[in-house]
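Quick note: the coordinates plus some simple rules give every number you see, no bench work behind them. The shown structure was predicted, so the numbers you read here are calculated from the model rather than taken from an experiment. Glycine gets a Cβ as well: all are built from the backbone with ideal geometry, and neighbour counts include every protein chain shown.
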Amino acid sequence: MSTATATYDEHHEHGPDKGLIRWITTTNHKDIGTLYLVFALIMFFIGGAMAMVIRAELFQPGMQLVDPQFFNSMTTVHALVMIFGAVMPAFTGLANWLIPMMIGAPDMALPRMNNLSFWILPFAFTLLLSTFFMDGGGPAGGWTLYPPLALQMGDGFPFMIFAIHLAGISSIMGSINVIVTILNMRAPGMTLMKMPLFVWTWLITAYLLIATMPVLAGAVTMLLTDKFAGTSFFNAAGGGDPVMYQHIFWFFGHPEVYILILPAFGIISAIVPTFARKPLFGYSSMVYATASIAFLSFIVWAHHMFTVGMPVVGELFFMYATMMIAVPTGVKVFNWVSTMWKGAMTFETPMLFAIGFIMMFTIGGFSGLMLAIAPADFQYHDTYFVVAHFHYVLVTGAIYSIMAATYYWLPKWTGNMYDERLGKIHFWLSTISVNVLFFPQHFLGLAGMPRRIPDYSVQFADWNMVSSIGGFVFGASQLLFLWMVIKAIRGGEKASDQVWEGANGLEWTLPSPPPYHSFTEAPAIK
Amino acid sequence: MTHTANDYYVPHGSHWPIVAAIAMFMTVIGAALWFNGELNGRMVLFIGLGLIAFMMFGWFGTVIHENLQGMYNDQVDRSFRQGMMWFIFSEVMFFAAFFGALFYARVLSVPWLLGMDSGFTTHDVLWQGFNEAWPTNGPGDVGGEFEPMEAWGIPALNTLLLLSSGVTITLSHWALKVGDRGRCVLWLAATVLLGMTFLGFQAYEYIHAYTGMDLTLASGIYGSTFFMLTGFHGMHVTIGTVMLIVITLRAAKGHFTADNHFAFEGVAWYWHFVDVVWLGLFIFVYVL
């Protein structure tokens, strides 16, 4: 046995390298997962700082702190950083950490490419953020980069476009790795319909990413050539159409919003059964619902463009197709609630965040249904109602699921329990403040306050001040989260292997923290 | 714990990915500077591209070395295959964006500019005199008068060339599968030759378009879609040809066996993909 081990220790029985080199050259799924998560956390605070600037400027009517151009670049880059820099890398980090452990694999399928997927990101965001220091400043035309406005950007324009290209290459490679890992690396006996839902939702998310990120790359490439090479894709004088950009962009953009939420569904489907101490209600319907949402996400993109000018038949098609998404999403919410029904529930921090997710994501889902009604959307379009809607699904949806996942798996990753009291304070502070922050924005939007404008009429003053106060409290509460994570990494009460009494799944059979290589030998699957 | 040759090979740390990331970073910085009119950017761009080439030699060299040492089992081979398939799928979607732009322009935006369907006000108010159907450079006559590209000359010949190259690479694959290295290399070389001839014709066509037909990238939506679609396709043929040259040399060195030749098949799939895209181009860009 020892000789057999010795012949293989070159690549199997080793620990990590020492120091910085470990993190730069690593091919280990846990190291890379950690890198992704730390990167996402940093970007979360950078994007969050921009949100604080936005809320400070909107604290009162009139121009307060920053000039309008800078305000516009704050809203634009806040979105780009949060979507491509915080939420997506956080989910990829979770996928890296968890998928090999959940399916009984030794590592990700393509470990070297895994490293490259991560290390492109810091360079991509260096490019994006460097545009602030160039002539003309950062991108200020909105994260959707609609021409002709986006084309008016200064010297930073090509840097921003290439930042998007690089981030896209990173996600495509990351997704290829996830799909191949799931399809090729499962332990014997781990059939597709036995996989944890987090693995299922990521499989479908990765498919969406591979299908749509190249389309975004195409769209921004056309922007680049329209600006620098004289092409006329989005120029009506040359026979093109600026609206064409919107169609191509949202063909990417709509599946993208499901990329930002499907892994969250997987996380919630893992946490709720653990703390309800009951198996997930309707496992297979969850899988089919996820697949249906993914399919529908490809045929609803123009609901972002109801007011841009479209034949009536188009408006109707996209309206009905959009509303259909409520059906599989409703199945999911129903299943989570049914899982909790008559369960032996306890409310540790991950469960609190999961329940918070279910309630507030549902609010965001309902406001989405309101927006899906084409005739009504003419009133809501480009108002704070839209802002309130997508922050309910992204902050109290996607971000809450990432918080829940962190609390849930942190003891597994670090071997130490987090501070439960601190976690509960973080949850309640966040949940109260996030509603003070975003709920009034529904009223503002319905009353007609436009988004992406640094100033507003005085009748919007009260709710804006309330919203800003909620924003500052929410921002400050996240420092608690940072402190909690650092504290758990540095030490604390030791966690058991299973960590949670009701936790099921292969990752909980490994020690806490797990060994450097997860399953060098395939585990037995029940 | 006992190990067998069936273990999934997980490499220990590699420095190639960080080289790749830095190379890509330099490449795009160089290109961006160049776009902004800083000619020094070209230097950065070329250093970046050189680094990418260096990285590929190193990275792929390592993988080839490991494969020849027998470190990869069937499962690793499957990972490579599936990875390549999904990569090609992402490429399909990249082209889909440009085909989408072409269809949108031809079916919707140009007819609307002509006043059809819901575009009558645009036509009446903004572009009253416009009456040019496809191929067009738009109501603003962007890029000036031009002559559209004819399908039944060089493009038809290029279609034949690429289709036959699909046949030759299959013949090569068949030869490889029965272990006939000589014929395998021969048919591969023929495929490379066909690819290069295609590229030569394409270059000639481009030069002729620019010098003889006033058809440029700036010739409105027709020029934009024509050159971006055929240009990205040509870039992929170039990459494919380089890949073919590499596997020709590797086949000649005896790297491939009848049952272990992922690189060969990966390149062949890629080549067929490039082939299929060309068929789409030939029909929608040239013929129709």
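Can you sort A:118, A:133 by how many other beta carbons sit within 10 Å, fewest first?
Going from least to most buried by this count: A:133, A:118.
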Magnitude of the Cβ-charge dipole (Lys and Arg +1, Asp and Glu -1) of chain B about the Cα centre, nearest 20 debye, reported as 940 debye
Tilt, helix A:111-130 to longest principal axis of chain A (alpha-carbon atoms), in degrees rounded to tens, equals 30 degrees
Output field shielding_mean for B:55-62 (other chain Cβ, 10 Å radius) holds 1
Taking alpha-carbon centroids only, region B:5-31 lies from region A:402-473 a number of Å equal to 38 Å
Once the in-chain neighbours fewer than 8 apart are removed, the lysines whose Cα is under 25 Å from residue B:177 read B:253
If N is the residue count of the protein assembly as shown, its Cα Rg over 2.2 N^0.38 Å rounds to 0.98
In degrees rounded to 10, the 0-90 angle between helix B:220-252 Cα long axis and the longest Cα principal axis of chain B is 20 degrees
Taking the dipole of chain A about the Cα centre (Lys, Arg +1; Asp, Glu -1; charges at Cβ), the one of A:189, A:466, A:392 that reaches farthest to the positive side is A:189
Averaged over residues of A:127-140, the number of beta carbons from other chains lying within 10 Å of each residue's Cβ is 1
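Quick one: plug the Kirkwood hydrodynamic radius of region A:462-526 (C-alpha pairs) into Stokes-Einstein at 25 °C, 0.890 mPa s, and report D in µm²/s.
Once the numbers are plugged in, D ends up at 157 µm²/s.
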The size of the Cβ-based charge dipole (Lys, Arg +1; Asp, Glu -1) of region A:420-496 about the Cα centre, to the nearest 20 debye, is 340 debye
With Cα coordinates, the longest principal axis of chain A makes an angle with the long axis of helix A:262-276, in degrees rounded to 10, of 50 degrees
For residue A:30, the lysines lying under 17 Å Cα to Cα, once residues fewer than eight places off in the same chain are dropped, come out as A:18, A:412
Counted neighbours (other Cβ, 10 Å), sorted fewest up, put A:241, B:259 in the order B:259, A:241
Expressed as a percent, the portion of alpha-carbon pairs in region A:222-342 spaced more than 25 Å apart is 43 percent
For chain A, the charge dipole (Cβ of Lys, Arg +1; Cβ of Asp, Glu -1; about the Cα centre) points to a positive end, and the Cα of A:215, A:310, A:369 closest to that extreme belongs to A:369
Expressed in nanometres to one decimal, the distance between label points 7 Å along Cα→Cβ at residue B:160 and residue A:473 is 7.8 nm
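Given Cβ point charges of +1 (Lys, Arg) and -1 (Asp, Glu) and nothing else, what value in debye, to the nearest 20, does the dipole of the protein assembly as shown about its Cα centre take?
Working: 30 positive and 45 negative charges, 405 e Å.
Here the size comes out at about 1940 debye.
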What the Cα atoms of region A:253-313 span along the principal axes, largest first and in whole Å, is 51, 18, 13
By Cβ neighbour count within 10 Å, fewest first, B:121, A:339 rank B:121, A:339
Yeah, region B:31-86 with a ≥ b ≥ c from its alpha-carbon gyration tensor (a/c under 1.5 is rounded, else prolate when a/b outruns b/c, oblate otherwise) is oblate
Calculated from DSSP helices alone, with each H run of at least 4 adding -39500 (n - 2.57) and the total divided by the residues of the protein assembly as shown, [θ]222 nm to the nearest 500 comes to -22500 deg cm²/dmol
With N residues in chain B, Rg(alpha-carbon) / (2.2 N^0.38 Å) equals 1.23
Of the candidates B:96, B:241, A:43, the farthest towards the positive dipole end of the protein assembly as shown (Lys/Arg Cβ +1, Asp/Glu Cβ -1, centred on the Cα centre) is A:43
Whole-Å distance linking the alpha carbon centroid of region B:199-242 with that of region B:110-188 is 10 Å
With Rh as the Kirkwood radius over Cα pairs, region A:1-156 has Rg/Rh of 1.15
Sorted largest first, the C-alpha extents of region B:1-71 along its principal axes in whole angstrom are 61, 21, 13
Output field shielding_mean for B:83-92 (other chain Cβ, 10 Å radius) holds 6
